[in-house]
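Below you'll find the structure, written out as structure tokens, and then a few comments.
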Amino acid sequence: MKNYISFLSRSKTGETKIGKSSTNYGLIAGIAVFALVFIFFSIKATGFLSKINLVHNLVMPAAISAVIAMGMTVVMAGGGIDLSVANIAGLAGLASAAVSAQFDLPVPLMFLTALIVGGLIGAINGVLVAYAGISPFVVTLSVVYLAHGLQYLISLMAVSGTYLMLPRVVTKLGTNAFFQIGFCTFTFILLFIYLDRSIFGRYIKAVGMNINAANFSGIPTRFYTWLTYVICGVCCAIMGIMLTANEGLARVGSGESYQIDAFLLPILGNTIFGRFSVQGTLFSALFIYMVINGMFIMGVSPEKVKIIKGGLLLGIILVSGIQKVARREN
Amino acid sequence: MKKNNGLLQKYAVFAILILLFVIFSICAKSFLMLDNLMNLLVQSTILGIVGFGLVFIMIAGEIDLSYAGSIPLEGAVFASLLANGKPYFVALLAAVGIGLTISFIVSQLVTRFKLVSYITTIAMMFLLQGIWYVLTGGKNVFLSEEMLNREFIFGNIGPFPRIVLLYVLLFVLLYLLSEHTPFGLRLRAVGSDPESTRAAGLNPILYKTLAFLFGGVIFTIGAILTTARMSGALATSGSSLLMPVMTVAFVGQTFLGMGRPNIPGVFLASLLLAMIDNAFVLMQLPIWSVPMANGVILISAIFLANIGKNEIIQIKF
Amino acid sequence: AEAPAAEEAAADQAAAPAEAEAVPADDSGAKVIGLASYQLGNDWNIQVAEGVKAKAAEMGWEVIQTNAETDSEAQLTALEGFLSQGVDGVVVPGGAGPTLEPVIAELKAAGIPVVTVDLTTQNSVTDIFPDNYMTTELLGVFSVNKMNGVAGKYAHLTIPDFGWKTVDIRDKVADLVFEIEGWDFVGILDSGLADAVNQSMTAVRSTLLANPDLNLVYSSWGMPAVGAAKAIREAGLQDQVFVVCTDADRIVLAEMAEADSPIKGVIGQRPFDMGTMAVDYLQKAFNGDTDIPKTAFAPFYFVTNNPELLPPGVESLTPEEAWTILYPDVEFGEVN
Amino acid sequence: MADTVVLEMHNIDKQFPGVHALKNVHFDVRKGEIHALVGQNGAGKSTLLKILAGIYHPDEGAISINGNNYDRWTPHQIMGMGVSFIYQELNLFQDLSVAQNLFIGREPTRVPGVIYRNEMRARAEKALARLDATDIPVDTLVKDLSAAKQQIVAIAKAFDQNPSLIVLDEPTSRLGLEDSEKLFAILNKMRDQGLSIIYVSHRLGEIYRISDRITVLRDGCLIKTDDAKSITPRQLVQYMVGEDVLTKKYKQKDKCGDVLLKTESLVGDGFQNVNFDLHAGEVLGLVGAVGAGKTEMVRVLFGIDLFESGMISVQGNKITRNKPQKAIANGMALCPEDRKYQGLVLENSIRENITISSLNKVKTSFWLVDRKSEKETVNAMVSRLRIATPSIDKKARELSGGNQQKVVLAKWLCTDSCIFIFDEPTVGVDIQGKSEIYDLMHELANNGAGVLFVTSDIEEGLQVSDRLLVMYKGSIIKELDPHCSSLEEASLFAMGGNLNEKE
Ligand SMILES: Nc1ncnc2c1ncn2[C@@H]1O[C@H](COP(=O)(O)OP(=O)(O)OP(=O)(O)O)[C@@H](O)[C@H]1O
Ligand SMILES: Nc1ncnc2c1ncn2[C@@H]1O[C@H](COP(=O)(O)OP(=O)(O)OP(=O)(O)O)[C@@H](O)[C@H]1O
Ligand SMILES: [Mg+2]
Ligand SMILES: [Mg+2]
């Protein structure tokens, strides 16, 4: 560092105040509600606390949807949105099943194929958004159509044109909790470090919050915008692997039931945590799946669960909204 | 800062529409037949009308995806009342009433509690789908021809189906309302910068609420037309509209280089989508090619409209 | 289509495929037929379409195919397209009958015969159905026999309110059969359409948790049964809980091939034959035949490794045999 | 007549979380006066005005306008009482046209409910003509106008509503000399017609030129309200700052170092044929009227925009395709004109803003941020630059303008820069803050950095620079020695005149 200014010669002028930023009531409320709901189910829903329920019914499905939602989180943190996540996941799963069927690839190579496909589609999304300057809504909407068409094209390789079955090894892995939760944990840790602790995360968040200032600060904004889509694509591919392995088959439309989760969880996390973060997304995933699972055990029909899910979401957002209004009024 | 009024940008999507029309006329036999063209118009109607509703809310700077939940609900109420022998206008009023109530709740959540409209309306969509289930017991409600008086809606006046005339009428009215009236101008102002609206002495809460209510009424019109077209209220009628309606609203933004939500854009975009669907079937192209073509055409249209702009567009949450 | 139709089924079952071979190709010129599939997301629907296309090719006809991907409005649009295009005949596999009724009526008025598969309409030439009454009843009898005549506790996996006629019938018949036999009903489980294996796996796991004394999972179509089987195997309850379902999808047969598979009885329909039947009936309609039944039933196979549990006189196939018949191009157990 | 009170604000009290922005302030305005409201950054001026406008609600207090009392009031009521506002942050709709902006909320109609566009255009042209701003096309979108023109549109809008009280919050901060003069003339005319005006500015000269009375706020407290004539400039500064601040003259530096930055016939969008050298150890001033193209040139130097032809060389390296990353790697730093949208990520903390361009220095292995060393660096910066904040984790949005400017500067001090470009660093900054910024620039130069100081305020340009370039319509037309040039001379060049013409 060049000494253009006197203090830089290490004339430290007293330790400055290290304060906390203002308390995040949303987070406290979120955790409190989570705890309350957990306790409620532990008492009311028989078998809720059993290991098989917690691991297989709660954490495993939450893990699958958390992975795709974490990819979306990265994009949203960078100021974008990706409507095509579920379709990328389906396409990656289908493509890997197809190459495995066609070329008898070993499992790791099969997974690699999925990652490459996911990354490629993500890269296309990214190029169109970051370098061609097209609205991410439109770009990713087009990719929804494109990926869907490609899925049909690949499915022509299937015997009767419907679905491709995965090798038995993979199917075995897919129902294994270690595999599923492991994949999710791995993705989470990487992304947590990347977004929350690394310098790249700072760049991405700066781009997401004020792309102009980021540019004036010398951050290659286009590159980092592009990167968020690539990371998202790869996450989708991981989720595609987890899902197709779990189902034992890949077919046109695989993953589409996760579209809403991918959209909702990051935003819910943002509402609770006050910013887009993978920890917020993971928390939201566990929260939502806990509610669904608990309700299910208590015998609430799937449709009523939908009402409760919607109502609960509205409730949480409402709390955060009231808090926002209250803060303004202060 | 950069001037961006090039002809290409301005008319790119329009040009693609014309170009595709010409190509389809040549390649797809019977594409140009009056019957088929009328079909095409009818098919774009519901999409376009629901798109109008969404665009009105987008002009006011918000988004409302709850239509995927409210359309089946309104449809079901409308259809059940008709099926129970209630007069047409009672069923109509009930549906509109429900639409207004939903929109009012959404608007208050968004404006008073400052909730993000994306997530609020998605949550609302879930809630409404659940309520739909409880109300209907999970059954599609079908209506017979007599109960529905389908002919009244889909019958022709001259060569034109009534529904198409309704569509064009709505288009003209909503276009005037959004572009030529103080109300439309103020909605745009509220949408572009709510803080400044306050400074200009306009109440952003009022205008946003009005936009939501207005959108809600248009969604209800969409719901009733869907019910009529499908001869009943189907569970899937909302969710299958979700994506296409968003598509027309967003593609519509690029029409005529406006770069903002607008009514003519939705009109043309709904025609474009219906045309692609229609012609691809006529040309007997393989199934996978329809979504692919949709994607490619969408992206290239917008790419052309965007040339030279080249700045990253960011979404506000 | 109501219950007595089951009676006619037996006759048609034997007749239909036999006739299929008998009808010669029409010399009076190639026809163009429209095929408006409701969805192409599983083997069953694909096979119907394949049957139509294969038979049409044999006759030298042209087929225009559309896929509505479960969107009734898209299917309606496709039919309107066929109408204005002036095709010679139309096959509609699956969909919401009342929604399509007006356009089918218009087609009829325009002299274009319509044959539907798996849905009931008034203005079609004929509606072809798998015999869901008989097959579902067989599954019920099979289940009771498997429990040695004692009624147990069962859960019902399906896509509620999907508007898929066949599934609706199966659901109704199944619940009726089990109720008469005195079974304990745990509840309807939603498999969803997308990611059905995954969703039903989770649903069945939770059900097992809340009902540790469950005996049977009845699934009204194939994929959820696979999810149920996985969940049961995971809980180690193969000896206590078994699964019966309709749809001999490859993935179902492959699952059955596992030594400890909980899937015990499967109805293998013959969707391909339903497709060829549809074309045959169109041909008849073109020829002006008047003896076309309004409802026709297609044949089926019962697939199980335990034929002794079936009522006497009912033929059955092992999973291997069923596979070789239904998917002759692929070796049994080979995944793709 | 001059003693009729049109507006009275009684005992106004307002707290924001953590900030007591106004403490029991009393404020009144008489008919037909220009009342200046002054105070340092964060003194509470804008808050007081926003409360008047009904945008914030006060915790305590009431107002009376023309004898009507209000406890709680809405923006609409206030506007109905004939009060117009021009806010510090312009409240124009960027996506609407000039005419639409002027008449939003009171659109002319012929057929009821349908905007009469031609009438609206004609009236917009008339409103602008009143301010001699006929060069602003009424159909362009506001976002396509320069900042100065936007300001004029805002003023035209306020005047067009025929107000009885008009409030201007730092209107000249974006105006050039010529436009400011025009504005003063209009204000004087309005006052003579009996209009009351509240006028906020940091420029002492202006305040004395036009105001009748002055109210001074400091830290949210009312310090003094009196006739302008009875307060000396020195007293005024004392009231504002709470202590005596002298305007410093900077000593002329005798030796200059190597050339750090050099341009040769540089041409870009908005400027042509620019040649200059920046040496190590000097503060090079660049003045010119608003719209002269200074910002454009600076953006090109920093690689935000591309240049068309010519040459830039930084420390001897010729640059062809420039971009900000490259400029920073070459040791360049830019404190941009618009600090809120270009300099800062307002929603991020001060800490994150300061280190964003130098994360490479506070990273550990695997590109992780070393939070400890980051905190040290930031703390050192915050205390050295005296950035007033309770915590380095506070959001940048919550700081006052001057402190925000210091955060931007701190960001660049953390990098390895040796060329510092300041584009209007003192806009909206109070006297004390200004002098701190001047000191910092000279400190940088004295320690061997090169400083390019871009400003539209010719007075400060003369006061602070070692050499002074004057730009006019995109060209550098003159280099002056600030130590022997007068303000008149410099202003004349900035307005495009030259000495020959004058003779
Ligand atoms: N919305 C807000 N939330 C929190 N604090 C605020 C808000 N607006 C202003 N403040 C604080 O209130 C105080 C007064 O701010 P104000 O903007 O009125 O000052 P000012 O006199 O206009 O300063 P300047 O000359 O920089 O414009 C400052 O400390 C500021 O940080
Ligand atoms: N906020 C803005 N939005 C769009 N364009 C702008 C903006 N500000 C400036 N410009 C563009 O820059 C040109 C001149 O701007 P500006 O008046 O800022 O020049 P300048 O010489 O840098 O003056 P100063 O630095 O004193 O403001 C305008 O013609 C306009 O095209
Ligand atoms: Mg201020
Ligand atoms: Mg400038």
Which of D:Thr389, D:Leu346, D:Leu413 sits closest to the plus end of the dipole of the range D:343-416, meaning its Cα is farthest towards the positive end, when Lys and Arg get +1 and Asp and Glu get -1 on the C-beta? D:Thr389
Any chance you could give the angle, 0 to 90 degrees and rounded to 10, that helix D:147-160 forms with the longest Cα principal axis of chain D? 0
What number, in percent, do you get for the relative contact order of the range D:135-199 if the mean sequence gap of Cα pairs under 8 Å and at least 6 apart is divided by its residue count? 38
Measure off 7 Å from each Cα along the Cα-to-Cβ vector at D:Arg72 and B:Glu179, then give the distance between these two points in nanometres to one decimal. 4.2
Among A:Thr281, A:Thr225, A:Thr73, residue whose mean-square fluctuation peaks in a GNM of chain A (springs only between Cα atoms under 10 Å): A:Thr225
Residues whose built amide H sits under 5 Å from the amide H of D:His279, excluding neighbours closer than 5 in sequence, are D:Leu260
If you find the alpha carbon centre of the range A:165-179 and of the range C:48-107, how far apart are they in angstrom? 39
Whole-Hz Karplus couplings 3J(HN,Hα) for the range D:73-80, θ = phi - 60° and coefficients 6.51, -1.76, 1.60, Gly and Pro as x, run 9, 10, x, 5, 4, 4, 5, x
Taking K and R as +1 and D and E as -1, what net charge do the other residues with C-beta under 12 Å from the C-beta of D:Leu368 add up to? +2
Top of A:Gly248, A:Gly80, A:Gly182 by mean-square fluctuation, Gaussian network on chain A, Cα under 10 Å: A:Gly182
Förster radius 30 Å - calculated FRET efficiency between D:Asp139 and D:Leu487, Cβ distance, rounded to 0.05: 0.20
In whole Hz, what ³J(HN,Hα) sequence does the range D:372-380 give by Karplus (6.51, -1.76, 1.60; θ = phi - 60°), x for Gly and Pro? 5, 5, 4, 4, 4, 4, 5, 4, 4
As an exercise, use a Förster radius of 30 Å and the Cβ-Cβ distance of C:Leu176 and C:Ile325 to find the FRET efficiency, rounded to the nearest 0.05. 0.50
Which value, in debye to the nearest 20, gives the size of the charge dipole of the range C:146-206 about its Cα centre, when Lys and Arg are +1 and Asp and Glu are -1 at the Cβ? 200
Calculate how many DSSP beta bridges within the protein assembly as shown are antiparallel, expressed in % of all such bridges and rounded to the nearest 5. 45
Longest principal axis of chain C (C-alpha) makes with the long axis of helix C:271-287 (C-alpha) an angle, in degrees to the nearest 10, of 20
Residue-wise, which Karplus ³J(HN,Hα) couplings in Hz belong to the range D:417-423, taking 6.51 cos²θ - 1.76 cosθ + 1.60, θ = phi - 60°, and x for glycine or proline? 6, 10, 10, 10, 10, 10, 9
The set of residues whose placed amide H lies less than 5 Å from the amide H of D:Ala36, leaving out same-chain residues fewer than 5 positions away, is D:Tyr199, D:Asp212, D:Arg213, D:Ile214, D:Thr215
For the range B:30-109 and the range B:158-211, write down the distance between their C-alpha centroids in whole Å. 17
With the charge dipole of chain C built from beta-carbon charges (+1 for Lys and Arg, -1 for Asp and Glu) about the Cα centre, the Cα from C:Asn148, C:Ala248, C:Leu79 projecting farthest to the positive end belongs to C:Asn148
Could you tell me which of C:Leu209, A:Val33, A:Met242 has its Cα farthest along the dipole of the protein assembly as shown towards the positive end, charges placed at Cβ (Lys, Arg +1; Asp, Glu -1), taken about the Cα centre? A:Val33
Search the structure for amide H atoms under 5 Å from the amide H of C:Leu35, placed 1.01 Å from N in the peptide plane, and list their residues when 5 or more places away or on another chain. C:Ile64, C:Gln65, C:Thr66, C:Val91
Within a Gaussian network of chain B (alpha carbon springs, distance under 10 Å), most fluctuating of B:Ala305, B:Ala228, B:Ala123: B:Ala123
At R0 = 30 Å, FRET efficiency that the Cβ-Cβ distance of D:Tyr341 and A:Leu112 yields, to 0.05: 0.10
Charge tally for neighbours of B:Leu40 with beta carbon under 11 Å away, counting Lys, Arg as +1 and Asp, Glu as -1, is -3
At 7 Å along Cα-to-Cβ for each site, give me the label-to-label distance between B:Asp35 and C:Val150 in nm. 6.5
Dipole in debye (nearest 20) - chain A, about Cα centre, beta carbon charges: Lys, Arg +1; Asp, Glu -1: 1040
Given labels modelled 7 Å from the Cα in the Cβ direction, how far is it in nm from C:Ala257 to D:Glu479? 8.7
Listed with the fewest Cβ neighbours within 10 Å leading, C:Tyr154, D:Tyr70 appear as D:Tyr70, C:Tyr154
For chain A, return all DSSP H helices satisfying: extent of Cα atoms along own axis at least 24 Å; mean Kyte-Doolittle hydropathy at least -0.5. A:25-44, A:60-77, A:85-103, A:107-126, A:136-155, A:221-247, A:278-297, A:302-329
Mean separation of Cα contacts under 8 Å (6+ apart) over length of the range B:132-267, as relative contact order %: 26
If you restrict to DSSP beta bridges whose two residues both lie in chain C, what percentage is antiparallel, to the nearest 5? 10
Full extension between D:Val259 and D:Leu177 adds, at 0.36 nm per residue less the Cα distance, a length in nm of 26.3 nm
Summed residue charge, Cβ within 10 Å of D:Val6's Cβ, Lys/Arg positive, Asp/Glu negative: -1
So which helices of chain B fit the span-like rule, where a helix is a whole DSSP H run, its Cα atoms reach 30 Å or more along the axis, and its mean Kyte-Doolittle is at least -1.0? B:34-59, B:88-111, B:204-229
With +1 assigned to the C-beta of every Lys and Arg and -1 to the C-beta of every Asp and Glu, and no other charges, what is the dipole magnitude of the protein assembly as shown about the Cα centre in debye, to the nearest 20? 6140
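Taken together, the values in this text are just the output of simple stated rules run on the coordinates, not laboratory data. In this text, all values refer to a predicted model and were calculated from it rather than measured experimentally. FYI the Cβ positions are ideal-geometry reconstructions off the backbone, even for glycines, and counts take in every protein chain you see.
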